[in-house]
Every structure is written in C-alpha cells, then in structure tokens.
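The values are calculated or read from the model by the stated rules, or taken from the named source; none is laboratory data. Owing to the predicted nature of the structure, the values given are computational and were not obtained by experimental measurement. Glycine also receives a Cβ, built like all others from the backbone with ideal geometry; neighbour counts cover every protein chain displayed.
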Amino acid sequence: MIIAYTELDKKIRREKRQIYDFFSRGAKHVFIERYHGERTEFTKALNLITAGDHLMVETMDQLGRNYQELITVVKTLKEKKASLLVTSIPLLSRPIVDFKVSQFVEELLIQLLKDMKEREKLEHKRRQAEGIQAAKEKGVYKGKPTLYAADAKDPEKRSAYYNIVKMLKEGEPIQKIARQHQIARTTVYRIKQELNQLEKDGDACQFD
C-alpha cells in the first residue's frame, strides 16, 4: 500500500495537482499537513505504515526539517520494513520490487545528501572567512560585538559589566559572579583579563 504525505501549499491549484499525482501513482491514503510547524498528519501517516508499504512524498525536505529528522524517518521506515517514494527523484519515484535494493538506494541517497550538506557548510564557512578578510583589508570589519562591556549597546548588560568589574575588584569568586549574573565563567574571566591588562598598561605609563 502507498501512503502519501504533503504539506499545505497556499497555491490551491498546485496542491490539487499534487494530490491528483499521488493518487495517479497508486496512493491509497493522502495525509495533508495544514499547519506549518506541526507534524500531526505526518505522524499519522507513519503510524499507518506497515511492512511492505511505501511512504510517498514529493520532495525529501517534507520528511524532516533537518538532516537528523530525515535520518530518523528513514530508520523508522527500515524498522517497519517499508520503503520511501519521492516523486521528484526518478530513481525513487516508483516502487522497487527487491526490498534490499530499495533500502540500498535510500541509504545511498541519504549519504549523498549528508555529503552535500557538509560541502554546503564548508562552502559557507569559506565564503564567510573571505568576506571577513576582505572587510579587514578595507578596515571596515568590527567583529562580533561584545555583549558585556563598557560600551555595550544593551543598557542592562552594560550595567551588569560595571557590577562585575566592581565585584572583581572586591575579590569576589568568579563562580559566584557568573552565577549571580547568569553568565558563563569565561565571560567573567575575559573581563578580569581586560582589567589586568589595563592595570599593566597603567603601571607601564607611570614607569615611563
């Protein structure tokens, strides 16, 4: 049995065509998600699937919001001894009679998607690094703004910074300061290092 799943599209005509396409491909049930963010209909579709069934979708991204969700769905289908049909991918658009071959094709596709995701991540980091380098060369790169600093944009965080400085000068433990302000200890250490550096610079100026 083929069980299809799709998400609501604002373009009603396209939605009707997609549902018609599912039925023309042999779908017996079509589950439609009408509220984005919820997965109630998708859960119903998965629960209905039993051994030998096929879950049909138009695109891979309808299986999950991220790679991990997609992997979970594929594993669930494998445990149920069911297979996946993706109408937009010719290789997966029709049921494969041999279950082992079907599973192999699905796992191969998942691996390809994983590799593509990794390449996209690396490419994004490369472009980001190039952009930062170009901005530095032009002298316009300021870096990520410091949340807790004397010139912090947020008045509450600016006030917290001065309070942290006061507590450090009074010799309060770093763990206590971090807990009281609900911040990471690394932030307190960073402020302490800045204060120490300012004191060293001040001593150096007096010596000169």
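For residue 182, the requirement of being exposed (fewer than 10 other Cβ atoms within 10 Å of the Cβ) and at pLDDT 75 or above is met. Applying the set (1) farther than 27 Å from residue 111 by Cβ; (2) in contact (Cβ under 8 Å) with a residue 24 or more places away in the chain to residue 44 leaves exactly one unmet item: (2). Scanning the stretch 169-179 for residues that are assigned to a helix (DSSP H, G or I), over 30 Å from the mean Cα position of the chain (by Cα) and surrounded by 14 or more Cβ atoms within 10 Å (Cβ to Cβ) yields a total of 2.
Considering each of 166, 176, 192 in turn, give the residue that is touching a Leu at 6+ places or on another chain (Cβ under 9 Å), of a type in the set (D, E, K, R) and at pLDDT 85 or above.
On the way: 166 fails: touching a Leu at 6+ places or on another chain (Cβ under 9 Å); 176 fails: touching a Leu at 6+ places or on another chain (Cβ under 9 Å).
So the residue among 166, 176, 192 that is touching a Leu at 6+ places or on another chain (Cβ under 9 Å), of a type in the set (D, E, K, R) and at pLDDT 85 or above is 192.
Mind checking which residues of the stretch 31-75 are of a type in the set (Ser, Thr, Tyr) and either surrounded by 19 or more Cβ atoms within 10 Å (Cβ to Cβ) or within 19 Å of residue 89 (Cα to Cα) (or both)? Walk me through how you get there before you give the answer.
Here is the first cut: in the stretch 31-75, the ones of a type in the set (Ser, Thr, Tyr) are 35, 40, 43, 50, 59, 67, 72.
Listed by number, the residues that qualify are 59, 67.
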